[in-house]
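> Okay, handing you the structure first.
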Amino acid sequence: MVQYVQDSANSVILDCLLQHIQLELYVVPGSRRKDVELPATVTEAATAATHAIRTRSVLFCIESLWPVGTEKMASFAGGIFGLMLHILPAYVRGWFSDIRNRSISSSVESFTKAWCSPTLNTNELSQ
């Protein structure tokens with residue numbers, strides 16, 4: 001997958017992933033992550049993203065994908081997003097800087113900051 005992303009360098013991959021995570025449900029202005037109960041799809045995606053960063057794998061998502069449902073797809077999308085943040089940070093940064101919709105940009109930034117950055121920082125510091 002990583003090789004495919006590097007070869008194709010198409011931002012549509014991340015756009016499609018974020019459609020399954022439904023981040024528009026995540027952003028609640030003026031609130032912190034711990035103050036808000038997250039929708040199931042966002043919770044699944046956040047957990048999967050964190051797990052993928054820690055384990056450097058999305059195999060756990062693929063194994064649990066059947067039967068395909070909204071939460072399973074969110075988990076899979078979150079796992080891939082987390083893995084891409086870990087393996088291809090420059091690619092994700094470039095994609096993020098091309099987002100023109102401020103609402104989507106804010107949602108992605110909040111999700112990444114709350115759920116992915118702490119694990120990425122911990123991984124970096126442990127190395």
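The values are calculated or read from the model by the stated rules, or taken from the named source; none is laboratory data. Since the model is a prediction, treat every value here as computed from it, not as a measurement. A quick note on method: Cβ atoms are made from the backbone with ideal geometry, for glycine too, and the neighbour counts reach across all protein chains shown. Protein only, heavy atoms only, side chains kept; ligands, DNA and RNA dropped before computing areas. Shrake-Rupley method; radii C 1.70, N 1.55, O 1.52, S 1.80 Å.
> Which GluC sites (Glu not before Pro) in segment 55-127 pass both tests, a DSSP loop state and at most 12 other beta-carbon atoms within 10 Å? Spell out each step's value before the answer.
Working: sites: Glu63, Glu71, Glu109, Glu124; in loops: none.
For GluC sites (Glu not before Pro) across segment 55-127 that sit outside H, G, I, E and B with at most 12 neighbouring Cβ atoms in 10 Å, the list is empty.
> Would you mind getting the Kirkwood hydrodynamic radius of segment 63-127 from its Cα pairs, rounded to one decimal in Å? All intermediate terms of the calculation are to be shown ahead of the outcome.
Numbers: mean 1/r = 0.0760 Å⁻¹.
It is 13.2 Å.
> Here's another thing I want to ask about it. Along segment 90-99, what does the Karplus equation 6.51 cos²θ - 1.76 cosθ + 1.60 (θ = phi - 60°) give for ³J(HN,Hα), rounded to whole Hz, x for Gly and Pro?
Coupling constants for segment 90-99: 5, 4, 5, 4, x, 4, 4, 5, 8, 5 Hz.
> Over segment 42-100, average the accessible area per residue using a 1.4 Å probe and give it in Å², no decimals.
Working: 2950 Å² over 59 residues.
Result: 50 Å² per residue.
> What residues have an amide H closer than 5 Å to that of Val58, excluding those fewer than 5 places away on the same chain, when H is modeled at 1.01 Å from N in the peptide plane?
none
> Rolling a 1.4 angstrom probe over the protein chains, ignoring ligands and nucleic acids, what is the accessible area of His51 in square angstrom, nearest 10?
70 Å²
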